[in-house]
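The values are calculated or read from the model by the stated rules, or taken from the named source; none is laboratory data. This one's a predicted model, so the numbers in the text were calculated from it and none came from an experiment. Here the Cβ positions follow ideal geometry from the backbone for every residue, glycine too, while neighbour counts run over all protein chains shown. The area values use the complete protein model at the heavy-atom level, side chains included, leaving out ligands, DNA and RNA. Shrake-Rupley method; radii C 1.70, N 1.55, O 1.52, S 1.80 Å.
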Amino acid sequence: MARVVGLGLCLGFCKLCSRGRMILRLKRCCGKRFMCALPGDIRDNPLLDQQGLPRFNAIGPDHVVPGITFLVEECEVELKKLEHSLEGETKRRTWETVVEALELLGSRLSYGWGVVNHLNGVQNSDKLRKAFQTVQPEVVKVSSLVAQSQPVYKAMKELETNNGGLDGPQLRIISSAVRSARLGGAELTGSDRLRFNKINQNLANLSNQFSNNVLDATKAFDLELSDKRDVEGLPDTLLQLMASNAAKDSANFESGPWKVTLDMPCFEPLMKHSKNRELREHVYRSYIKRASEGTHDNTQIIEDIRQLRKEKADLLGFPNFAALSLETKMASNVQNVWNLINSLKEKSRKASEMELSELQIFANENGFNGKLQLWDLAFWTERRREHLFKMNDEILRPYFPLPKVLHGLFNLTSFLFNVEILPDYESTIETWHPDVKFFNINDDAGNRIASFYLDPFSRPAEKRGGAWMDSCLEKSEILDRRPVAYLVCNQSPPVNGKTSLMTFREVETLFHEFGHGLQHMLTRVPYSSAAGINNIEWDAVELPSQFMENWVYDDQTMKAISGHYITGEALPRELFYQLIKARKYMAGTGMLRQLYLSALDIELHTSSEPWLSVLDNVAAEYSVMKPLKEDRFPCSFQHIFASGYAAGYYSYKWAEVMSADAFGAFEDVGLENRDALAKTGRRFRETVLALGGGTHPSEVFRQFRGRDPSPDALLKSYGLS
């Protein structure tokens, strides 16, 4: 997932950056000289020391309010200066006097707020939350001031009209900026503008509250087991994790106790392997009701967010929020989204009906009595997978120790894209947790071109769930900055001093997020507002991430990323062949689930019915096995209520059409033809990874593939062609 950075900074106002970061920069004065000029009471605040990477060892919750308050006030002062200069300017507007001025104007606020926003996701605490919530309204307020600045808006429109001498990315940046300012309320006046800004404030607060409730509800679940019969069937890796959850210092996975949690490294393998059906039911029901009751209840927050989004769309002249959201996406309108969903729905539903029927027969033939329930599906799906392919996640896990997977991933990246990835052992690199590692990317001449942090492991007490790529620094010629990324996962942590052994799905997830990171880090666009994934239409942003997932099914790549944690032996050939065959196992059910989420997202943002009614209606059409009456999974659906995928979840499928077709270019030249693969990889780098948001995604794809994308490769990969 590509995360919306600096959620409170933009809230959709400024398409200078497609992910919500305000592209406003001050003149380059963020080094030691600037720090010396600050007043004494703020001078030592580490959020203001922006000469390099964030000083994570020094930054604490107490720095947030004074640091961000200072940066907001500073930004407001510089905005007034810029407005004054634009109003008094009699010469023709230029790129330097308008766009570069904006890029310089708020870089320090963008830097500081980006760090705070990042820590709120990976090192959450009550103290940090309080500080975050205190300053977020001021950050939203200043973003609105910039979005709705009439001198800035008029200057941008003038530059859009008189654009001689500008290159393609510059023209696209300006056009996006004008549109985003309009969508950010620049053309609203009076009470409409006041209400629009209030809506943005409320949405920022509700989104943060929604995310906090999910984290707290996940942490609040507490189920400790002490009877060995309750953990029958669970693999040793899960027992070790559960024993560590129960008693970190004296954990004994053989005798217990064992603590069940609802974070993915515990929940998913428990549902797949627990022979205790009552336990599976209890854990499943708890999972689907997260954040829907008690003190962590998102039930009303969902309706509040929907109502505010609808009102925002009304103010801007759109019939619903989906239409507003799609104004900046490739799909462009709701009907095109439904065309995509409907084109895949029937084949997926028929395949899913057949798969679940076969699963029911298999379960009955192997000792199960009665009709399968939702809490039985993962368990019997895994048993049938074992029967058909002679493997499961636990058989595969020993072959995927994290260091080996990283080594193979980095070698693949180096081979395809002509770069080198090396760990940075400098003691000056500060991180927010001891498990976080820092790496540099060098070009073929040995020059450093980018860097990234990797935070791989689950920490349910402080780190939100899921996986994402976030921006630490963006490529900027005017600021002389190289791109730096945050890559964040929630995979199985090391237990009892052993290395982290990854499930195959965790390997795929790491490749996925690294694909996002590569687009951020290998960009050649010199303007931060279109570098990396900035300014890319949201339904194309998943192309490189989903493209990278395909490589885990490549023979040479598998040899490189797998190595038994004891013997070093690569994944045996027979297991690899079975893994490829298993790729299409239950593919129809998986596809239908994604279409279900996509349809639900669009309906929630076009319908005026209560969200529970919308959920029931969509489930009836897109589910072979209907959800339980108490199912409240939207209460933890952070993609659309606490991230950037609102009325955009379909983007995964939209981009998957392109990513499958893009990987087809490598298959066309032969995955064994290393010279041809390297040549194709260089072309992928110089188009998809390099051109960023400076070129429309359709043109980028055509430059790489020589034609428009076709859905044939996607349907083939799912066995649905």
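Conditions tested, residue by residue: (1) on the phi < 0 side of the Ramachandran plot; (2) of a type outside the set (S, T, N, Q).
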{"site": "290", "(1), (2)": "yes, yes"}
{"site": "294", "(1), (2)": "no, yes"}
{"site": "312", "(1), (2)": "yes, yes"}
{"site": "358", "(1), (2)": "yes, yes"}
{"site": "363", "(1), (2)": "yes, yes"}
{"site": "366", "(1), (2)": "yes, no"}
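Screening 410, 457, 400 for residues that are of a type outside the set (Val, Ile, Thr) and over 14 Å from residue 491 (Cα atoms) leaves exactly one candidate, 410. The set of residues from the range 305-335 being surrounded by fewer than 16 Cβ atoms within 10 Å (Cβ to Cβ) and within 24 Å of the chain's Cα centre (by Cα) comprises 332, 333.
Just one of (1) under 21 Å from residue 60 (Cα atoms); (2) in contact with a Phe, Trp or Tyr (Cβ under 8 Å, 6 or more places away or on another chain) fails for residue 427. It is (2).
If I ask for residues that are among the charged types (D, E, K, R), open to solvent by 60 Å² or more (accessible area, probe 1.4 Å), without any contact (Cβ under 8 Å) to a residue 60 or more places away in the chain and not in a helix (DSSP H, G or I), which ones from the range 42-88 would you list? Residue satisfying the conditions is 44 alone.
Within the range 639-651, the set of residues being in a helix (DSSP H, G or I) and surrounded by 20 or more Cβ atoms within 10 Å (Cβ to Cβ) comprises 640, 641, 651.
The listed residues are 552, 614, and the only one of them that is crowded, with 19+ Cβ neighbours inside 10 Å, farther than 23 Å from residue 670 by Cβ and in contact with an Asp or Glu (Cβ under 7 Å, 6 or more places away or on another chain) turns out to be 614.
If we keep just the residues of the range 555-599 that are over 30 Å from residue 614 (Cα atoms) and of a type in the set (Gly, Ala, Ser), which is most open to solvent (accessible area, probe 1.4 Å)? The extreme case among them is 568.
So, in the range 677-711, of the ones that are of a type in the set (D, E, K, R) and farther than 24 Å from residue 537 by Cβ, which residue ends up most open to solvent (accessible area, probe 1.4 Å)? That would be 679.
Taking the conditions exactly as written (at pLDDT below 95, of a type in the set (Val, Ile, Thr), surrounded by fewer than 18 Cβ atoms within 10 Å (Cβ to Cβ) and outside any helix (DSSP H, G or I)), does residue 97 satisfy them or not? No; evaluated as a whole, the condition is false for this residue.
With a requirement of 2 or more residues that are among the aromatic types (Phe, Trp, Tyr), the strands (runs of 3 or more DSSP E) lying completely within the range 420-538 that satisfy it span 437-442, 448-457. Scan 443, 424 and give me the residue that is without any contact (Cβ under 8 Å) to a residue 40 or more places away in the chain, surrounded by fewer than 19 Cβ atoms within 10 Å (Cβ to Cβ), charged (D, E, K, R) and more than 29 Å from residue 120 (Cα to Cα). Testing whether each residue is without any contact (Cβ under 8 Å) to a residue 40 or more places away in the chain, surrounded by fewer than 19 Cβ atoms within 10 Å (Cβ to Cβ), charged (D, E, K, R) and more than 29 Å from residue 120 (Cα to Cα) leaves just 443. Screening 79, 53 for residues that are at pLDDT 95 or above and closer than 20 Å to residue 473 by Cβ leaves exactly one candidate, 53. All of (1) more than 13 Å from the chain's Cα centre (by Cα); (2) under 18 Å from residue 404 (Cα atoms); (3) not acidic (Asp, Glu) hold for residue 526 with one exception: (2). Please verify whether the range 132-145 includes one or more residues that are hydrophobic (A, V, I, L, M, F, W, C), in a helix (DSSP H, G or I), open to solvent by 10 Å² or more (accessible area, probe 1.4 Å) and closer than 30 Å to residue 49 by Cα. So far as the range 132-145 goes, yes, one or more of its residues are hydrophobic (A, V, I, L, M, F, W, C), in a helix (DSSP H, G or I), open to solvent by 10 Å² or more (accessible area, probe 1.4 Å) and closer than 30 Å to residue 49 by Cα. A residue that is farther than 21 Å from residue 535 by Cα, in a helix (DSSP H, G or I) and free of Cβ contacts under 8 Å to residues at least 24 places away in the same chain occurs nowhere in the range 112-119. Among the residues of the range 160-174, the one identified as part of a loop (DSSP other than H, G, I, E, B) and acidic (Asp, Glu) is 167.
Scanning the range 217-235 for residues that are open to solvent by 30 Å² or more (accessible area, probe 1.4 Å), in a helix (DSSP H, G or I) and of a type outside the set (A, V, I, L, M, F, W, C) gives 219, 228, 229, 230. Filtered by the rule that a residue be open to solvent by 20 Å² or more (accessible area, probe 1.4 Å), over 16 Å from residue 592 (Cα atoms) and among the hydrophobic types (A, V, I, L, M, F, W, C), the range 352-361 gives a lone residue, 361. Would you confirm whether any residue within the range 407-420 is open to solvent by less than 50 Å² (accessible area, probe 1.4 Å) and in contact with a His (Cβ under 9 Å, 6 or more places away or on another chain)? No, there is no match, as no residue in the range 407-420 is open to solvent by less than 50 Å² (accessible area, probe 1.4 Å) and in contact with a His (Cβ under 9 Å, 6 or more places away or on another chain).
Cβ-Cβ under 6 Å, sequence separation 6+ or interchain: first residue in the range 548-577 and small (Gly, Ala, Ser), partner outside any loop (DSSP other than H, G, I, E, B). Which pairs? From residues that are small (Gly, Ala, Ser), the pairs are 560/408; 560/411; 562/399; 563/404; 570/559. Quickly run through the range 242-261 and pick out the residues that are modelled with pLDDT under 85 and either of a type in the set (Asp, Glu) or in contact with a Leu (Cβ under 7 Å, 6 or more places away or on another chain) (or both). Within the range 242-261, 249 is the sole residue that qualifies.
Only residues that are of a type in the set (Phe, Trp, Tyr) and either out of contact with any Leu (no Cβ under 7 Å at 6 or more places or on another chain) or touching a residue at least 40 places away in the same chain (Cβ under 8 Å) (or both) were counted across the range 310-340, and they come to 2. Considering the conditions (1) open to solvent by 20 Å² or more (accessible area, probe 1.4 Å); (2) touching a Leu at 6+ places or on another chain (Cβ under 7 Å), residue 715 is excluded by exactly one of them, (2).
Does residue 177 satisfy being assigned to a helix (DSSP H, G or I), in contact (Cβ under 8 Å) with a residue 24 or more places away in the chain and not β-branched (Val, Ile, Thr)? It is true that residue 177 is assigned to a helix (DSSP H, G or I), in contact (Cβ under 8 Å) with a residue 24 or more places away in the chain and not β-branched (Val, Ile, Thr).
For the range 654-676, the tally of residues that are modelled with pLDDT of 95 or more, surrounded by fewer than 20 Cβ atoms within 10 Å (Cβ to Cβ) and assigned to a helix (DSSP H, G or I) stands at 7. In this structure, residue 154 qualifies as more than 28 Å from the chain's Cα centre (by Cα) and on the phi < 0 side of the Ramachandran plot.
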